[in-house]
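I have placed the structure first, in the form of structure tokens, so that the comments after it can refer back to it.
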Ligand SMILES: [Zn+2]
């Protein structure tokens, strides 16, 4: 079974121990034909570009995730200001995050304070928002950058206010259209705003993938009418993903692509473990089951779709 992963984060620290071995050998041996490493922060974008240069079958997504758009807002701050802003924001958010973390049973609070610190640390290295944009544009123009992403809206963590998230989402949507790159979109607890923003500022241009699609079947139909593909990953194998299963059953296979969001969202039976692109076979098997078709035939169509949306013609 030949696998394409349209969305992974091998720059995540979860891969610090064995990144070289995985990217250099194991993924390919496990049937992974292509993998797209998705930039989320500026660090992630830099790493994506580096992996794409080093590994023939790895491609890059370059973009700033809604949690990290603070790098635009704060570009030009000093080291001292960065430290102070980090401390202040962690203090302000403590109550909210601790509640959330207890609810989810995760160390989400710790994770989000790392994110807060990172955006300020990154902002030190740029003189202005335009400077950040120029750096991004440089990486978008590299030959193996196939998508502008991941970009979007995240109203779950709300690391930045809605208006700030929207502003930089729109700016990056326009950039994608200007540069002729398809988009890769992150949306959490923000389905309607994400849809409306894309419809107004991007539809009819370069297309792309709605990553880890979690909206309704009706909205999925609208997206495919506007020329977008839906990213399907480990969630489709989970018992409680009734809506997504309905979406996968109803939307023509020609509009679906596979992804992991590694290291997150490992499919059943590996749920909770560190994910990697090889595990997409479980996702393909589930899609094939929902479509009542042969998994190998299903895999072939899914890989054609991924190549088509990202316009990758090489072997
Ligand atoms: Zn992601």
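The values are calculated or read from the model by the stated rules, or taken from the named source; none is laboratory data. Just so it is clear, the structure is predicted and the values come from calculations on it, not from any experiment. Methodologically, a virtual Cβ is constructed for each residue, glycine included, from the backbone with ideal geometry; neighbour enumeration extends over all protein chains shown.
Odds and ends about this structure:
- Only one of the listed residues (298, 212) is assigned by TED's automatic domain parsing to the domain that holds residue 154, in contact with a helix residue (DSSP H, G or I) (Cβ under 6 Å, 6 or more places away or on another chain) and at pLDDT 95 or above. That residue is 298.
- Unmet requirement for residue 214, which otherwise passes all of (1) out of contact with any strand residue (DSSP E or B) (no Cβ under 8 Å at 6 or more places or on another chain); (2) surrounded by fewer than 24 Cβ atoms within 10 Å (Cβ to Cβ); (3) closer than 25 Å to residue 9 by Cα: (1)
- Which listed residue, of 51, 43, is within 16 Å of the ligand (Cβ to nearest atom), assigned by TED's automatic domain parsing to the domain that holds residue 183 and surrounded by fewer than 16 Cβ atoms within 10 Å (Cβ to Cβ): 43
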